[in-house]
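The values are calculated or read from the model by the stated rules, or taken from the named source; none is laboratory data. These figures come from a predicted structure and were not determined experimentally. FYI the Cβ positions are ideal-geometry reconstructions off the backbone, even for glycines, and counts take in every protein chain you see. The accessibility values were calculated without ligands, DNA or RNA, using every heavy atom of the protein model including side chains. Shrake-Rupley method; radii C 1.70, N 1.55, O 1.52, S 1.80 Å.
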Amino acid sequence: MQEYIPQILTKEKMLEKAKLLPRLPGVYLFFDKSGTILYVGKSKALHNRVLSYLQNIGKHPPKTEKLVSQAVDFQTIVTETEAEALILENEKIKLHQPKFNIRLKDDKNYPYIRLSLGESYPRLSFARRRESKKKEKSKYFGPYSSAGAVHTIIDLANKIFALPTCKRSFPREIGREKPCLYFHLNRCCGVCTGAVSEEEYAKKIDEVIAFLKSDYTRVSKNLTAQMEEAAENLDFERAAKLRDHIRALSRLSENRQIVKDLSFDADVFGLYADDLGGAVNQLSVREGRVVDSIHFHFGADEIVSAENFSSFLLELYRGRDFLPRQIMLPPELFGEDVELLSEILQEKRGASVKIVCPERGNGKKIVALAAENAREASLHRRAMLEKDEEVLVELASLLQLEVLPERIESIDISGSGNDFLTASIITVQNAHFSKRDYKSFHLSLTQQDDYASMYEAISRRVRRFREGDAAFQPLPDLFLVDGGVGQVSAVRRALADQGVFVPVIGMVKDSFHKTRALTDGENEFSIAKNARLFQFIYRIQEEVHRFTLSRMDIRRRKSVKTTSLSGIPGIGEKKAALLLKQFRTVKAIREADVEALSAVKGISRKNAEEIVRYFGEKEKQQNSQ
């Protein structure tokens, strides 16, 4: 399809163009005078929908009025069905990220629980993001509102179902070592003993999945049956542990009970919006209990309406393995295309997914509760952002900066003597650490030189920016350097040589290696008497130290492992890296047989035999000493 080139039209010309549109389903895109897409929408009748924007100028809600005032042209794409229009709208929003469309900005930060179904003996783990199904066979549950919630649920599941939490690889390591303390405390089912078959473990995993889907009634029923069986066999210790698990499960259920009807399962959405933005709250209700609450915040320009909320929901549930039986929406988010969305979600779930707007009873009460949650979350976030902005205002005032330092990058250097020299840059966005923007560089220097290291790191960072690398956009409003006048001078020189200007400030330390003042290379600015500003700078200093040391240590550890393997005939650094990528530890490589080793891509059978021979001889030498 040829790319559409927008024109600059008057509102009268746009109105004439809209009158010629067909009354067919499709997607429409509004453009501003720079050719940027402002908004993507869909309709079952393009003629009616686009015309409604241009015929009622002056009568729209403020956000829509702002959209229309900035729009100078539009493009339409006709689709065969309304369902195709909904899917295409979603794809266009993901691709172009228009500023007036509500987007899932926050969902990426919410953690998941990963169940590694690709393994013979699956386990639970924390996951910050979902991996592609092409890369791994895992089932994901969530997202959850916090990392703490994920760890609490994983810990409880591991205790109730006695799942292994060690780093042993099963079935490869079954019977190789004695079972650990957790097995003797009945905290682990003891896969390592060989007493648990894959079929038995699979039944246990079915129960784990029921637990993670909040099917507490089923789980409690099965645990009760196990408890009674243990009591009949006079295994009172096991019966007591199962009783405690049932009580913990009961407390988990009771604390969140909001509806007495145990058949009440739904995802419930509530909306709060004003001229400054707002939030959407999602309450996950299972068996009448709220099992989680997640907030999606949107800005002042983003339009949230019944017309575009279906696309939001489509994107939300596309990234989830578990879909609810029912979705409840408030009237202002209940659009004409909910039936289409229901059909698409039903196909993914393999069972009915009802989307309703409750007018009475429990459903209406919980939608109202979700709306109140959205209001509280939005106002709380706004208050916190105002506080965060205050510390940035204080910093800008102290340093006499021309702009508010909404984006700060801090740089530090670390190494082990003259080896593994590493520079790291952390990003602070609106007074919060933005870990997705952290960067690290392996320096080319062969000996420690703080000034040369700073110069190289900043030069490489800015060069990537000038080359248009998306991961290095934009430049910060302020560089915070771990050091004094010399380090500030080195960074300024690197910036000047690249032809850019960004303010550079050094963090001057006291005898305890803590920042006592800031310097611009000529003047010092004391922060000792400003507790809030001191804490802000201290947190940045500690975080950049932590991250830099961690990146350097990863390099050092990899080198140690690779070096120990490189002593094997026929195994160089590249093959050592391939082995470590597959087996993760030298210990696992040592315990692997020829078949497992030669199965690694790039490792020949001869290589595998040399590895087995090498570790065998090494073990004999150790035993003879």
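Excluding same-chain neighbours fewer than eight residues apart, the aspartates and glutamates reachable from Lys204 by a Cα-Cα span under 16 Å are Glu119, Asp155, Asp215.
Take every pair of alpha-carbon atoms less than 8 Å apart whose residues are at least six positions apart; their mean separation over the length of the stretch 280-345 yields a relative contact order of 29 percent.
Evaluated on the stretch 115-252, the Kirkwood hydrodynamic radius is 16.0 Å, with distances taken between all distinct Cα atoms. Its residue count N sets the reference 2.2 N^0.38 Å, and the alpha-carbon radius of gyration of the chain equals 1.17 times that reference. Peptides 279-288, 228-237 ranked from most to least packed give 279-288, 228-237, packing being the mean of other C-beta atoms within 10 angstrom over each peptide's residues.
In whole angstrom, the stretch 365-432 maps to an equivalent ellipsoid with semi-axes of 38, 21, 7, each derived as √(5λ) from the alpha carbon gyration tensor and ordered largest first. Placing a label point 7 Å from the Cα of Lys618 along the Cα-to-Cβ direction, the residues of the stretch 571-604 with a backbone N closer than 13 Å are 571, 576, 580, 585-592. P(r) for the stretch 441-596, from all Cα pairs and a bin width of 5 Å, is 1, 8, 13, 15, 14, 12, 10, 8, 8, 5, 3, 1, 0, 0 %, short bins first. For the stretch 318-455, the relative contact order comes to 15 percent (Cα pairs under 8 Å, sequence separation of at least 6). For a straight C-alpha distance cut-off of 18 angstrom, the aspartates and glutamates reachable from Lys365 (same-chain residues fewer than eight places away being disregarded) are Asp261, Asp265, Asp267, Glu287, Asp292, Glu332, Glu376. Largest first and in whole Å, the equivalent-ellipsoid semi-axes of the stretch 307-403 read 40, 18, 11, each the square root of five times a Cα gyration tensor eigenvalue. Placing unit charges on each Cβ (+1 for Lys and Arg, -1 for Asp and Glu) gives the chain a dipole about its Cα centre, and among Ile568, Gln70, Tyr272 the Cα reaching farthest toward its positive end belongs to Ile568.
Accessible surface computed residue by residue for the chain, with neighbouring protein chains in place and a 1.4 Å probe, gives 52 Å² per residue.
Ligands, DNA and RNA left out, the 1.4 Å accessible surface of the chain is 50% carbon and sulfur atoms. Computed packing ranks the peptides 478-491, 517-530, 201-214 as 478-491, 201-214, 517-530, most packed first, by mean other Cβ atoms within 10 Å.
If each DSSP helix of 4+ residues adds -39,500 (n - 2.57) and the sum is divided by the residues in the chain, what number results at 222 nm, nearest 500 deg cm²/dmol? Value at 222 nm, helices only, nearest 500: -15000 deg cm²/dmol. Starting from the Cα of Met384, step 7 Å along the direction of its Cβ; do the same at Thr193; then give the gap between the two resulting points in nm. That separation, rounded to one decimal, is 4.6 nm. In terms of packing, defined here as the mean over residues of other Cβ atoms within 10 angstrom, the peptides 611-620, 294-303 line up highest first as 294-303, 611-620. Here the dipole of the chain is about 1440 debye; that uses its Cα centre as origin and unit charges on the Cβ of Lys and Arg (positive) and Asp and Glu (negative).
Which aspartates and glutamates have a Cα lying under 19 Å from the Cα of Lys574, excluding residues fewer than 8 positions away in the same chain? Output for Lys574: Glu609, Glu610. On full extension, the segment bounded by Asn56 and Asn222 gains 53.6 nm, given 0.36 nm per residue less the C-alpha separation. Normalised by the number of residues in the chain, the mean separation of alpha-carbon contacts (under 8 Å, six or more apart) gives a relative contact order of 7 percent.
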